[in-house]
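Okay, so here's the structure we're looking at.
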Amino acid sequence: MKKNKILYIGNNLVKKTNYATSMDILSNLLKLEGFTIYRSSSKSNKIRRLLEMCFAIFHYRTKVDYVLIDTFSTSNFYYALLTSQLCRLFRLKYLPILHGGNLPYRLKQNPKLSSLIFNNSFQNIAPSGYLKYEFEIKEYTTLLIPNVIPIANYTFKERKKIAPKLLYVRAFASIYNPAMAIEVLKELKKKYPEATLCMIGPDKDGTLKDVKHLINTYGLQDSVEITGVLSKKEWHKKSEDFDVFINTTNVDNTPISVIEAMALGLPVVSTNVGGLPYLISNNIDGVLVDKEQPILMANQIHKIIKENKSSFANKARSKAENFDWSVVRNQWLKLLQ
């Protein structure tokens, strides 16, 4: 069977950031299936990145069968807008892959621009039931294909006794509310003076400075480790030293880092926003709390420690296995062949 050629438009920055994105994961898996994949763009500068994306569509317009476009809700929304309309000009089949947890707000605020993208696509791809629902109530036809993790690469660690050792793996950006992780640690230390927190991820918008200021204000310098960006292999190894994964975000879709934590055996405590309730079944394979409520999150972590809720991790691992390529691949192959 003929394998098609695909142009993937997104932030191809893995070599610069050392952080594997869903674009990197999916494009490599499709390559292994025999597809020819072209990717754009690896430019750090946003203007140069957009220009390179547009040039790639022009350059490959007669060579590719499909264009995949990673679609976010913030400024990168306009990448999807401009590249999708260029695809329309050249009559290319394009597929927006919906990543932005705030995309429902974008649909509401920019209905005409949204319609230009999503009403003219070959297929809209939602990696979560949350975005599928939100897009379909706006009458955009949407196919659910989950994010992918290669489950064989995730070693499950059974935590026989859970300690107050917290792990945060996310960018330092205001929408992810990393400052809440510090507030949670501060509250948890009232019951567990030995509590610690490790924060892994890049600084996206200067929020790291605010987090460091909060750490100093609360005198938590000896209890918080900030590593910067680590490769998947590095942070997976690092995770073995921690017992609870916290996700403090105010806006989200279905974050890969949370799925990874579930696969690694870390009990997850997350804010109840966006696609998280579609991913985590509260008090079954994880815990959900209201956003911007650090005391509630600290109390739930205390409960997990006190009751030694390792059963969350076992059930979460079973759920994470549904994101393996062996489960998801047929949906992509059927769509792209």
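The values are calculated or read from the model by the stated rules, or taken from the named source; none is laboratory data. Model, not experiment: these values are computed from the prediction. Cβ atoms come from the backbone with ideal geometry, glycine included; neighbour counts cover every protein chain shown. To get the accessible areas, we keep the full protein, side chains included, count just its heavy atoms, and leave off ligands, DNA and RNA. Shrake-Rupley method; radii C 1.70, N 1.55, O 1.52, S 1.80 Å.
Taken over region 117-142, residues that are open to solvent by less than 40 Å² (accessible area, probe 1.4 Å) and not in a loop (DSSP other than H, G, I, E, B) amount to 10. For region 50-75, a residue qualifies if it is within 21 Å of the chain's Cα centre (by Cα), over 19 Å from Asn147 (Cα atoms) and not small (Gly, Ala, Ser), and exactly one does: Thr74.
Asn250 meets each of the listed conditions (1) closer than 16 Å to Lys186 by Cα; (2) outside any helix (DSSP H, G or I) apart from (1). For region 174-204, a tally of residues being buried (at least 20 other Cβ atoms within 10 Å of the Cβ) and in a loop (DSSP other than H, G, I, E, B) returns 4. When region 191-236 is filtered for residues that are among the small types (Gly, Ala, Ser) and closer than 17 Å to Ala163 by Cβ, the ones remaining, listed by number, are Ala195, Ser223. Looking at Phe35, is it of a type in the set (Phe, Trp, Tyr) and at pLDDT below 95? Answer is no for this residue. Taking the criterion of being in contact (Cβ under 8 Å) with a residue 60 or more places away in the chain and either among the aliphatic types (A, V, I, L, M) or farther than 20 Å from Asp324 by Cβ (or both), the residues of region 137-151 that qualify are Leu143, Ile145, Val148, Ile149, Ile151.
Within region 146-173, track down each residue that is crowded, with 19+ Cβ neighbours inside 10 Å, β-branched (Val, Ile, Thr) and assigned to a loop (DSSP other than H, G, I, E, B). Val148, Ile149, Ile162 - these are the residues of region 146-173 that are crowded, with 19+ Cβ neighbours inside 10 Å, β-branched (Val, Ile, Thr) and assigned to a loop (DSSP other than H, G, I, E, B). I'm checking my understanding of the structure. Among residues of region 285-325 that are of a type in the set (Gly, Ala, Ser) and touching a residue at least 60 places away in the same chain (Cβ under 8 Å), which one is farthest from Leu26 (Cα to Cα)? That would be Ala298. Based on this model, can you work out whether Ser114 counts as out of contact with any Cys (no Cβ under 8 Å at 6 or more places or on another chain), of a type in the set (Ser, Thr, Tyr), free of Cβ contacts under 8 Å to residues at least 60 places away in the same chain and not in a helix (DSSP H, G or I)? No, not satisfied. Note on region 272-284: residues that are in contact (Cβ under 8 Å) with a residue 40 or more places away in the chain and among the β-branched types (Val, Ile, Thr) amount to 1. Taking region 205-247 as the range and being over 23 Å from the mean Cα position of the chain (by Cα), among the charged types (D, E, K, R), surrounded by 13 or more Cβ atoms within 10 Å (Cβ to Cβ) and part of a loop (DSSP other than H, G, I, E, B) as the test, no residue passes. Within region 283-337, being β-branched (Val, Ile, Thr) and either farther than 29 Å from Ile182 by Cβ or in contact with a Ser or Thr (Cβ under 8 Å, 6 or more places away or on another chain) (or both) holds for Val287, Val289, Val327, Val328.
For region 250-260, the criterion of being over 19 Å from Pro150 (Cβ atoms), among the acidic types (Asp, Glu), at pLDDT below 95 and open to solvent by less than 70 Å² (accessible area, probe 1.4 Å) is met by at least one residue. Does Tyr79 meet the test of being surrounded by 19 or more Cβ atoms within 10 Å (Cβ to Cβ), over 30 Å from Thr271 (Cα atoms) and either touching a strand residue (DSSP E or B) at 6+ places or on another chain (Cβ under 8 Å) or hydroxyl-bearing (Ser, Thr, Tyr) (or both)? For Tyr79, the condition - surrounded by 19 or more Cβ atoms within 10 Å (Cβ to Cβ), over 30 Å from Thr271 (Cα atoms) and either touching a strand residue (DSSP E or B) at 6+ places or on another chain (Cβ under 8 Å) or hydroxyl-bearing (Ser, Thr, Tyr) (or both) - is not met.
Yes or no, residue by residue, for (1) at pLDDT below 95; (2) open to solvent by less than 50 Å² (accessible area, probe 1.4 Å):
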| residue | (1), (2) |
| --- | --- |
| Val269 | no, yes |
| Ile284 | no, no |
| Leu288 | no, yes |
| Glu307 | yes, no |
| Ser310 | yes, yes |
| Asn314 | yes, no |
| Ser326 | no, no |
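Filtering Thr249, Thr217, Thr196 for residues that are of a type in the set (S, T, N, Q), out of contact with any helix residue (DSSP H, G or I) (no Cβ under 6 Å at 6 or more places or on another chain) and closer than 30 Å to Ser281 by Cα leaves a single hit, Thr196.
Quick check on region 102-111. Is at least one of its residues on the phi < 0 side of the Ramachandran plot, open to solvent by less than 70 Å² (accessible area, probe 1.4 Å), in contact with a Gly (Cβ under 7 Å, 6 or more places away or on another chain) and aliphatic (A, V, I, L, M)? No, region 102-111 contains no residue that is on the phi < 0 side of the Ramachandran plot, open to solvent by less than 70 Å² (accessible area, probe 1.4 Å), in contact with a Gly (Cβ under 7 Å, 6 or more places away or on another chain) and aliphatic (A, V, I, L, M).
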